[in-house]
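The values are calculated or read from the model by the stated rules, or taken from the named source; none is laboratory data. Model, not experiment: these values are computed from the prediction. For neighbour counting, all protein chains shown are included, and Cβ atoms are generated from backbone atoms with ideal geometry for every residue, glycine included.
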Amino acid sequence: MAFILHALRPRVADLQKLVLLDYALIYSGDLGGPSSLHTPIPQRNSEVYTRRDRVEEGLYLMSRKDIVAAGFTDEGIVYCAGEHCRQLVFALTSSYARQLETRSAWVAKKFGDVPSEELTEIFEREGDRWGAEFTAMSF
């Protein structure tokens, strides 16, 4: 999540958008981006259901270390890169971390300005191709 929020800065994102962006980061090939980081498996979009809790827990933990900052708007809680986000992103130097950075930049460029509702619609349309439906998702 730190890589996504770092790439999005100074923009913010709500939990729903971050869950979808996290999926887009890992399976970027599904959305016309760079090759996917993880091997595409059948029914992979069902991962979105399990990712939500993990993303939320991760945001909480990272907020305690100022990697992520939470704020409140009329639409609800939003998240952005915290004071130490950049330090974490640049401290990780593995090949996988650099791939995360590259794909995060792609995700931020392609979807960073797309509202959560519209992003959900994109996933609903594309989800049929991946073997499951996103319409029943409850964020």
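Name the single residue that is surrounded by the most Cβ atoms within 10 Å (Cβ to Cβ) among those in the range 61-91 being of a type outside the set (A, V, I, L, M) and assigned to a helix (DSSP H, G or I).
Applying the first criterion (of a type outside the set (A, V, I, L, M)) to the range 61-91 yields 63-66, 71-76, 79-80, 82-87, 90.
Now drop any that are not assigned to a helix (DSSP H, G or I), which leaves 63, 85-87, 90.
Values: S63: 14, C85: 22, R86: 14, Q87: 12, F90: 11.
So, considering only residues that are of a type outside the set (A, V, I, L, M) and assigned to a helix (DSSP H, G or I), the one surrounded by the most Cβ atoms within 10 Å (Cβ to Cβ) is C85.
Please verify whether the range 88-95 includes one or more residues that are in contact with a helix residue (DSSP H, G or I) (Cβ under 7 Å, 6 or more places away or on another chain), over 21 Å from G29 (Cβ atoms) and at pLDDT 95 or above.
Pass one, the range 88-95, residues in contact with a helix residue (DSSP H, G or I) (Cβ under 7 Å, 6 or more places away or on another chain): 88-89.
With over 21 Å from G29 (Cβ atoms) added as a condition, the list becomes 88-89.
Next, only the ones that are at pLDDT 95 or above stay: 88-89.
For the range 88-95, residues in contact with a helix residue (DSSP H, G or I) (Cβ under 7 Å, 6 or more places away or on another chain), over 21 Å from G29 (Cβ atoms) and at pLDDT 95 or above: present.
Which condition number in (1) modelled with pLDDT of 95 or more; (2) surrounded by fewer than 16 Cβ atoms within 10 Å (Cβ to Cβ) is the one that L18 fails?
So L18 meets the others, but not (2).
Go through (1) at pLDDT 95 or above; (2) part of a loop (DSSP other than H, G, I, E, B) and name the single condition M137 misses.
Going through (1) at pLDDT 95 or above; (2) part of a loop (DSSP other than H, G, I, E, B) one by one, M137 breaks only (1).
Among the residues that make up the range 126-133, is at least one of them buried (at least 18 other Cβ atoms within 10 Å of the Cβ), at pLDDT below 95, of a type in the set (F, W, Y) and over 14 Å from the mean Cα position of the chain (by Cα)?
yes
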